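The values are calculated or read from the model by the stated rules, or taken from the named source; none is laboratory data. Since the structure is predicted, the reported quantities are computational estimates derived from the model, not experimental observations. All Cβ positions, glycine included, derive from the backbone under ideal geometry; neighbour counts span all protein chains shown.
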Amino acid sequence: MTAQRLTISAALIAALGATTACGRKSDLDTPYAAAVQARKDAEKAGEPLPPEPQKPVEDKPFILDKLIQ
């Protein structure tokens with residue numbers, strides 16, 4: 001029972017370690033920046049353009065924002 005539990009734990013840790021290495025290391029894209037980039041890519045490729053993205057509104061501070069900074 002102990003060997004089986006140890007094997008399962010090691011496999012789980014290995015799987016978690018493998019998935020944490022996925023992805024790219026950079027800043028997150030905002031929806032506006034992603035829409036602008038998609039529009040540029042479509043224009044470059046000669047495809048139909050997606051709708052013009054709307055500028056984001058000013059972000060209002062929230063009372064709990066100080067807790068996560």
- Message: Restricting to region 39-59, count the residues that are at pLDDT 85 or above and either of a type in the set (Asp, Glu) or part of a loop (DSSP other than H, G, I, E, B) (or both).
- Response: 12
- Are any residues in region 24-63 touching a residue at least 12 places away in the same chain (Cβ under 8 Å) and among the basic types (Lys, Arg), and if so, which ones? ARG39, LYS55
- Message: Against the definition (on the phi > 0 side of the Ramachandran plot and either touching a strand residue (DSSP E or B) at 6+ places or on another chain (Cβ under 9 Å) or exposed (fewer than 10 other Cβ atoms within 10 Å of the Cβ) (or both)), how does GLY46 come out, yes or no?
- Response: yes
- Can you pull out the residues in region 51-63 that are within 23 Å of the chain's Cα centre (by Cα) and loosely packed, with under 12 Cβ neighbours inside 10 Å? PRO51, GLU52, GLN54, LYS55, PRO56, VAL57, GLU58, ASP59, LYS60, PRO61, PHE62
- Message: Could you tell me how many of the residues in region 1-43 are surrounded by 10 or more Cβ atoms within 10 Å (Cβ to Cβ) and of a type in the set (Lys, Arg)?
- Response: 2
- Query: Within region 41-69, can you find the residues that are of a type in the set (Asp, Glu) and closer than 18 Å to THR30 by Cβ?
  - Reply: ASP41, GLU52, GLU58, ASP59, ASP65
